[in-house]
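For reference, the structure is listed below as structure tokens.
Each reported figure results from applying straightforward, stated rules to the coordinates on display, with no laboratory input. Remember, it's a predicted structure, so these values are computed and weren't measured experimentally. Glycine also receives a Cβ, built like all others from the backbone with ideal geometry; neighbour counts cover every protein chain displayed.
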Amino acid sequence: MGDCLSASHVFDTELVSKVVSELHLGKAPDIVDLTGEHLQFCHPSVLVLLTKLFQLIMLCDCVPSSFKHSYIVPITKALTLNNFRGIAIAQLFLKFLHSVLLIVLRNF
């Protein structure tokens, strides 16, 4: 079997910063009104704390329950009001964690 990596080896601030720089801007805010712009223009210490949070999530093998909340926005499919689909607006941090995990798993 391969070597197991610790959470600090999987998530580092450099990786988190890279993913922040590649975020798509102009998206709808999440359930607590956070957008990608908040992460792109935040102080670098916030990214260090976010990295530590992701390391703790991996170490504890548990995603915080607040990350699991979202809301549904109805989007009409056609010109009639009865034909719509719902899109889920998920927590920014959950989507961000997902993006970081995808990069980690591609490199693993």
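Key figures
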item	result
Candidates per trypsin sites (Lys or Arg not before Pro) in region 9-108, loop by DSSP, up to 15 other Cβ within 10 Å	Lys27, Lys77
Gain on full stretching of the segment that runs from Lys18 to Asp61 - 0.36 nm per residue minus C-alpha separation	13.1 nm
Cα-projected label distance for Ile31 with Thr76, points at 7 Å along beta-carbon direction, nm	2.8 nm
Gained length - Ile103 relative to His43, 0.36 nm times residue gap less alpha-carbon distance	19.3 nm
